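Okay, so here's the structure we're looking at.
Computed from the coordinates by the stated procedures, all read-outs in this text should not be read as laboratory data. Computed from a prediction, not measured in an experiment: that's the story for all the values here. Every residue, glycine as well, gets a Cβ built from its backbone with ideal geometry; the counts of neighbours run over all protein chains shown.
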């Protein structure tokens with residue numbers, strides 16, 4: 001388990017990332033009553049929340065964001081495996097610290113989290129949603145950035161602020177894409193994302209992808225963009241570049257090898273797309 005604890009803008013922020021060849025269980029609990037937000041990234045870990053003699057189970061967490069109240073009697077239990085890794089950002093504030101937040105954030109918490117602030121239960125789930133593409137990108141940047149020291153602190157602060165802003169904006173928007181796309185379609189669209197992620201080098205065509213998830217091509221294109229904010233193959237390009245970034249950082253591969261491994265035939269095209277997305281060149285990662 002890689003767990004990093006940061007203090008950002010009167011929030012306590014936990015960055016958790018883990019994968020295991022064997023199934024392991026990791027538990028997170030709280031020393032005092034807190035209001036929190038949990039953002040689950042590319043991992044799809046299973047989650048059980050126990051509170052008193054009750055519990056809630058989330059078998060699919062990938063791309064999910066939830067707000068919650070939890071006290072000392074609540075605990076989050078993640079079951080982690082190689083197939084179901086953990087990638088989670090948890091933003092916490094104690095009840096007493098909510099009064100210290102900047103005016104805009106304090107107002108948002110009062111408007112959208114009031115039922116959590118007032119609850120007498122050990123655990124209560126507040127507004128929850130599947131993240132849009134902007135939020136997913138912010139989560140990915142938090143886990144893939146290569147900044148160090150003060151620059152890293154500044155960068156993480158900006159991304160955490162962005163996540164909170166997007167979360168409240170979606171909750172406030174009654175016409176958000178999360179409401180436009182129904183639950184059954186949303187499951188199929190996340191299945192499409194999973195298929196693309198597993199076939200980055202040689203992805204299926206749009207018609208092939210439609211058949212695999214049981215959604216016609218028009219609906220796939222329209223609903224995918226509504227839910228994730230980008231067209232299907234723009235998302236695929238982002239996934240390719242994210243994987244290439246990870247390969248360059250974590251493995252002994254050349255820039256050319258990384259380009260080939262994510263489906264680029266041209267190194268120059270790969271380098272241009274990479275630089276446009278991340279703001280730095282592939283060669284900067286390899287230094």
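Which of the three applies to the range 138-264, rounded, prolate or oblate, going by the alpha-carbon gyration tensor with a ≥ b ≥ c and a/c under 1.5 meaning rounded?
Details: a/c = 3.33, a/b = 1.14, b/c = 2.92.
Oblate is the answer for the range 138-264, as a/c is 1.5 or above yet b/c matches or exceeds a/b.
Using a Förster distance of 45 angstrom, determine the FRET efficiency expected from the C-beta separation of residue 219 and residue 115, and round it to 0.05.
Given R0 = 45 Å and the Cβ-Cβ separation, E is 0.80.
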Angle between the chain longest axis and helix 183-198 axis [Cα atoms, degrees, rounded to 10]
50 degrees
Once both labels are modelled 7 Å past Cα along the beta-carbon direction, what's the residue 20-residue 82 spacing in nm?
1.4 nm
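In deg cm²/dmol and to the nearest 500, what is the mean residue ellipticity at 222 nm of the chain if only DSSP H runs of at least 4 residues count, each as -39500 (n - 2.57), divided by the residue total? Provide the component values of the computation, followed by the final result.
Values: 12 runs with 133 residues, N = 287.
After summing the helix terms and dividing by residue count, I get -14000 deg cm²/dmol.
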Which residue fluctuates most in the GNM of the chain (Cα springs below 10 Å): 74, 138, 169?
169
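For a test of the definition: using alpha carbon positions, the gyration tensor, and the 1.5 limit on a/c, classify the range 2-172 as rounded, prolate or oblate.
Cα axes put the range 2-172 in the oblate bin.
Given R₀ = 51 Å, FRET efficiency for residue 73-residue 212 by Cβ-Cβ distance, to 0.05?
Details: r = 44 Å, r/R0 = 0.86.
It comes out at approximately 0.70.
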Rounded, prolate or oblate (a/c below 1.5 giving rounded, otherwise prolate when a/b exceeds b/c) for the range 55-149 by Cα gyration tensor:
oblate
Which residues does a label at residue 165 reach in the range 121-141, if reach means a backbone N under 19 Å from a point 7 Å past the Cα toward the Cβ?
131-141
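Restricting to the chain, compute how many DSSP beta bridges are antiparallel as a %, nearest 5. Kindly include the intermediate steps, with their values, before the conclusion.
Values: 50 of 50 bridges.
Once the DSSP bridges in the chain are tallied, antiparallel ones form about 100 percent.
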By how many nm would the segment from residue 4 to residue 257 lengthen if fully extended, with 0.36 nm per residue of separation less the alpha-carbon distance?
88.0 nm
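Provide the FRET efficiency to the nearest 0.05 for the residue 145-residue 95 pair, computing r from the beta carbons and using R0 = 25 Å. Walk me through the numbers before you get to the answer.
Working: r = 31 Å, r/R0 = 1.24.
It comes out at approximately 0.20.
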